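Single-structure report; data block below.
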Amino acid sequence: RSGQYTMNHDHSKKIPDGASFDRSGSQDSLDELSMDDYWKELENIHETRGNNHEERVALVVKEPDEGELEEEWLKEAGLSNLFGESSGDSLESVVFLSTLTRTQKAAVEKRVETVTQTMRKKNKQHQIPDVRDIFRVQNDSKGKVCGGSEPSTVRTSENKSETQGGTKGPNFSLGMDEQKTPPEDMPFLDTDINLEISFAEQAANLKDSSIGKMCKGGGGDTLLPNFRLPKDKTGTTKIGDLAPQDMKKVYSLALIELTALYDILGTEFKQQKAVKIKTKDSGLFGVPLSVLLEQDQKKLPGTKIPLIFQKLIAQIEEATLETEGLLRIPGVATRVKSLCQELEAKFYEGTFNWENVKQHDAASLLKLFIRELPQPLLTVEYLKAFQDVQNLPTKKQQLQALNLLVLLLPEANRDTLKVLLEFLQRVIDHRDKNKMTLKNVAMVMAPNLFTFHGFGSKNIEQSEFVMAAGTANVMRFMIQYQKLLWTIPKFIVNQVRKQNTESQKKEKKDKAMKKLLKKMAYDREKHEKQEKTPNDADVPQGVIRVQAPHLSKVSMAIQLTEELKAGDVVARFLSQKSGNVQTLKKEEVFLYEIGGNIGERCLDDDTYMKDLYQLNPNAEWVIKSKQS
């Protein structure tokens, strides 16, 4: 299906007056009226730019050479040692590859193949591994995702592809034909987001079955489905719950998974590459997020969202969110400009007078701040991928792709986006009074997030019509489903657990090997004694020992029952008050799962402890606050 909207070429000169869309193919397209908001917003943006548009350096997006994209992709995915000088010496990559699903492997194979061919053409002097060898190494490690939580349909297919897909000739097939899963194996409702099975695997299954034909229907404007996450007994993992070393693995897996999903759906996934440009290294507007946060952390350690951004939102909310046309009605351009200059001079001094800032001006400043970022909030790398989400066949796949894209954003961008989306939702909550529905807010905000000054404004005009409706839809998705988008899919967390387990096994083996070489056989008995973990000794079966170094009761043995949840464990500790310990509120402390097959994970209160214990029996359990 080509774009959802076709453009009437006679209008393609300037921002259209009542651009007419051909609606023949789409009964649920956005109506003229709501699109008006989009074009008006675009006009306001062009107006505010007016004079100073020339001073701005356009950000050049580089067209990569052949094979460069793929090489960059493998580096980003943490797999650069599959090619080049260092190829072949990494056990880590082997461990990593052994945890991938069939579709993820296919995505990696495809990129390695391209890089390899390019290198052969350029006749580089390194030894170039044959892709088939890389994947052959793992045929002996057909592990299932830890805890056996991966449904059998996927597992059997994975093993099948080890033998078939793993040793095929150079033209790799994505193995679509190897897996025919009958739809009744998926007990999920259509609006349930299944986080247990890889999204790309789900897409492959859909493609094979007849369901795929039924639930087409791109990002049209009919009511958005009420997507929900079925409860996961081992707890839902949100962004921010995992330690940095595991988040790095999540990033690599999300990149590979997103690429695999796009491969299967026949959409091209291209990361853009920005050529470095000179940016301001101080100030408020037009300053990179990282620089802003560095400035702000000197003032207020631990700041994660730029202070000016927080203050502008607070300023808008202070006046009441019931104002009609909030975010849609622009502030007075000249006033916004002088406020901008005054803020630059006085914000950090603390001498800026917020009393005089009118609400619509504050809203215009907020949008200006987002537009003026030297790199878009959704990043140069992924802005296009965010836009392209609208081309995916089903709404559920659009949501899955957005979920993975959010995982790929740098922390500062992701945190700032989250605060923005939460604020937009609060505006929409007052729609009865302010007349700003989800659709209106999305229309007005899309041009601020998606039409980025850096991509040279020439090519924008041509595709603006198609893009307008599409980006507004992506914007609606991000606002409507923000809670889902900040969840780390369980299949990815399980892959991280599996990687950690495999790496630990390898380390143990290496250590044992060294020990053996050093000592002779008579040491073996002693060696076996040391292997016994101290944990088994003092805690009987079915009981976990929970530590709480900051609470009055420092440690407690807790009997696991079917119904025991993380929230109950925390409550048990908090009820043991004693005089000298500061009282901690329930909202401030969490139970953490630490070690075993995960670095560290903050548990949601509804996590069933027995189920999680079975998934990670070697973990330690610690109660602490998010800060410590």
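The values are calculated or read from the model by the stated rules, or taken from the named source; none is laboratory data. Bear in mind the structure is a predicted one, so any value in this text is a computation, not a measurement. Virtual Cβ from ideal backbone geometry, glycine too; neighbours counted across all protein chains shown. Ligands, DNA and RNA are stripped out before the accessible areas are found, and what is left, the full protein with its side chains, is counted by its heavy atoms. Shrake-Rupley method; radii C 1.70, N 1.55, O 1.52, S 1.80 Å.
Output the residue which, of all residues in the stretch 207-237 that are at pLDDT 90 or above and β-branched (Val, Ile, Thr), is surrounded by the fewest Cβ atoms within 10 Å (Cβ to Cβ).
Checked the stretch 207-237; the qualifying residue surrounded by the fewest Cβ atoms within 10 Å (Cβ to Cβ) is THR236.
Run VAL137 past the list (1) touching a Ser or Thr at 6+ places or on another chain (Cβ under 8 Å); (2) assigned to a helix (DSSP H, G or I); (3) modelled with pLDDT under 65 and report the number of the one that doesn't hold.
Failed condition: (1).
If you check GLN482, GLN462, which single one turns out to be at pLDDT below 90, surrounded by fewer than 21 Cβ atoms within 10 Å (Cβ to Cβ) and either in contact with a strand residue (DSSP E or B) (Cβ under 9 Å, 6 or more places away or on another chain) or assigned by the TED database to the domain that holds ASP415 (or both)?
Values: GLN482 fails: at pLDDT below 90.
Being at pLDDT below 90, surrounded by fewer than 21 Cβ atoms within 10 Å (Cβ to Cβ) and either in contact with a strand residue (DSSP E or B) (Cβ under 9 Å, 6 or more places away or on another chain) or assigned by the TED database to the domain that holds ASP415 (or both) holds for just one of GLN482, GLN462, which is GLN462.
Exactly one condition in (1) under 18 Å from GLN397 (Cβ atoms); (2) part of a helix (DSSP H, G or I) is not met by ASP246; state its number.
Only one criterion in (1) under 18 Å from GLN397 (Cβ atoms); (2) part of a helix (DSSP H, G or I) is unmet by ASP246, namely (1).
Could you check the stretch 348-384 and list, in sequence order, the residues that are without any contact (Cβ under 8 Å) to a residue 24 or more places away in the chain and charged (D, E, K, R)? Lay out the reasoning, then the answer.
First pass over the stretch 348-384, keeping only residues without any contact (Cβ under 8 Å) to a residue 24 or more places away in the chain: 349-353, 355-356.
Once the filter is applied, which keeps residues that are without any contact (Cβ under 8 Å) to a residue 24 or more places away in the chain and charged (D, E, K, R), the stretch 348-384 yields GLU349, GLU355.
In the set LYS435, LYS384, LYS395, which member is closer than 18 Å to LEU484 by Cα, open to solvent by 10 Å² or more (accessible area, probe 1.4 Å), out of contact with any helix residue (DSSP H, G or I) (no Cβ under 7 Å at 6 or more places or on another chain) and not small (Gly, Ala, Ser)? Before the answer, list the steps.
On the way: LYS435 fails: closer than 18 Å to LEU484 by Cα; LYS384 fails: closer than 18 Å to LEU484 by Cα.
Step by step, each of LYS435, LYS384, LYS395 is checked, and only LYS395 is closer than 18 Å to LEU484 by Cα, open to solvent by 10 Å² or more (accessible area, probe 1.4 Å), out of contact with any helix residue (DSSP H, G or I) (no Cβ under 7 Å at 6 or more places or on another chain) and not small (Gly, Ala, Ser).
State yes or no: is LYS249 outside the structural domain of ILE492 (by the TED database), of a type in the set (Lys, Arg) and farther than 21 Å from ILE45 by Cα?
So LYS249 fails the test.
Among the residues of the stretch 297-319, write down those that are over 16 Å from GLU411 (Cα atoms), touching a residue at least 40 places away in the same chain (Cβ under 8 Å) and part of a loop (DSSP other than H, G, I, E, B).
The one that is over 16 Å from GLU411 (Cα atoms), touching a residue at least 40 places away in the same chain (Cβ under 8 Å) and part of a loop (DSSP other than H, G, I, E, B): ALA319.
Is it the case that some residue within the stretch 320-330 is open to solvent by less than 20 Å² (accessible area, probe 1.4 Å) and either assigned to a helix (DSSP H, G or I) or more than 17 Å from VAL444 (Cβ to Cβ) (or both)?
So the first thing to find is which residues in the stretch 320-330 are open to solvent by less than 20 Å² (accessible area, probe 1.4 Å), and the list is 321, 325-327.
Now restrict to residues that are either assigned to a helix (DSSP H, G or I) or more than 17 Å from VAL444 (Cβ to Cβ) (or both): none.
Among the residues of the stretch 320-330, not one is open to solvent by less than 20 Å² (accessible area, probe 1.4 Å) and either assigned to a helix (DSSP H, G or I) or more than 17 Å from VAL444 (Cβ to Cβ) (or both), which makes the answer no.
Only one residue in GLY286, GLY240 is over 30 Å from CYS340 (Cβ atoms), small (Gly, Ala, Ser) and open to solvent by 10 Å² or more (accessible area, probe 1.4 Å), so which one is that? Show your work before the answer.
Values: GLY286 fails: over 30 Å from CYS340 (Cβ atoms).
The unique qualifying residue is GLY240.
Filter the stretch 351-399 for residues that are assigned by the TED database to the domain that holds GLU41 and of a type in the set (Phe, Trp, Tyr) and give the result.
Passing the criteria: TYR382, PHE386.
Report those helices (runs of 4 or more DSSP H) wholly inside the stretch 353-449 carrying at least 2 residues which are under 22 Å from ALA274 (Cβ atoms). Explain how you work it out, then say what you get.
Values: elements: 359-372, 380-388, 395-408, 411-429, 431-434.
Ranges flagged: 359-372, 380-388, 395-408, 411-429.
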